[in-house]
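A short write-up of the structure that comes next.
The values are calculated or read from the model by the stated rules, or taken from the named source; none is laboratory data. These numbers were taken from a predicted model, which means no experiment stands behind them. Here the Cβ positions follow ideal geometry from the backbone for every residue, glycine too, while neighbour counts run over all protein chains shown. Remember, those area values only see protein heavy atoms, side chains included, never the ligands or the DNA or RNA. Shrake-Rupley method; radii C 1.70, N 1.55, O 1.52, S 1.80 Å.
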Amino acid sequence: MVKTNNPLIIAGPCAIESKNQFFNIVDEIYTFTDIIRAGVWKGRTSPNDYSGVGERGLNWAQKVQNKYSIPVAIEVGTTKHIELALNYNIKILWIGARTTANPFAIQEIAESLKGVDAEIWVKNPIIADVKLWAGAIDRLKNLGIKKLKTIHRGFYSDKKNNLRNDPKWDLLYEFQKIHPDLPIISDPSHIAGNSKYIEQISKQAMQKNINKFMIEVHNFPHKALSDKQQQISPKEFKILLKKLKIYSR
Ligand code: PEP
Ligand code: MN
């Protein structure tokens, strides 16, 4: 086992589905994670797929922050999302893989974040183009945004060996050469696409000295409204952390 120093754990549902679902999940995991993740707007591939609870979810996220004294990270895809999230005191915002692939969207988002005191995480773009990924980071850096991290969630590919997204570790390495200062968060849930591969992907990330992990956790994974195959239960999440020896709280 690779020794993991100062790990950072981010866990929570792919999407908030109801107040009860969200609070139940947080209640079970808040002592095992540093940050709660949750989607309130889901930019799904198909408009017929579950698209999230919207602003109501921000209200619940704020309540969770107050009740459990734990930060909540939310995905934002538009400047309106950013404005709303900040209104509810959400201080960690992440940009999803589909948004990172669009330089117009990233530029607009970067401009709206100028001078804002929030931490920004940028997922790698859905397509395997390291320049597009690095360029998105440049756009944010150019506007003076300093509290930045990037999330490795793998890339769309037709050759992915049972995984939902190809990790392309060599491309991550290329990215690290361009932005060596940028902390990397691994998202084994979206790379794997299936709960049974999450441990293996996490271990591969640890071999590459990654010590930050974002894991999707749902109280009833098989009933989840999005990404049901890859979400794990709070119990499975605790077992995973034990196997990986990456307790951080
Ligand atoms: C998510 O984190 O739930 C998500 C939609 O991820 P991605 O942007 O990596 O597809
Ligand atoms: Mn998801």
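Which residues, taken from segment 106-133, are under 14 Å from F155 (Cβ atoms) and surrounded by 16 or more Cβ atoms within 10 Å (Cβ to Cβ)?
Within segment 106-133, K123, N124, P125, I126, A128, V130, L132, W133 qualify.
Tell me the helices (runs of 4 or more DSSP H) entirely within segment 63-145 that contain at least 3 residues that are more than 19 Å from the chain's Cα centre (by Cα). Spell out how you get there, then give the answer.
On the way: elements: 79-87, 97-100, 103-113, 130-142.
Ranges flagged: 79-87, 103-113, 130-142.
Determine which single condition I215 fails, assuming it passes every other condition in (1) over 20 Å from W121 (Cβ atoms); (2) modelled with pLDDT of 95 or more.
(1)
Going through segment 8-26 one residue at a time, which ones are open to solvent by less than 40 Å² (accessible area, probe 1.4 Å) and either modelled with pLDDT under 95 or more than 24 Å from W121 (Cα to Cα) (or both)?
Q21
Which condition from (1) in contact with a strand residue (DSSP E or B) (Cβ under 9 Å, 6 or more places away or on another chain); (2) within 18 Å of A11 (Cβ to Cβ) is the one that G193 breaks?
Just one mismatch for G193, condition (1).
Go through (1) over 21 Å from V26 (Cβ atoms); (2) not in a loop (DSSP other than H, G, I, E, B) for D158 and report which single condition fails.
(2)
Just checking, which of I35, I29 is away from ligand 2 (no atom under 14 Å from the Cβ), free of Cβ contacts under 8 Å to residues at least 60 places away in the same chain and either of a type in the set (A, V, I, L, M, F, W, C) or open to solvent by less than 50 Å² (accessible area, probe 1.4 Å) (or both)?
Working: I29 fails: free of Cβ contacts under 8 Å to residues at least 60 places away in the same chain.
One residue alone meets the criteria, I35.
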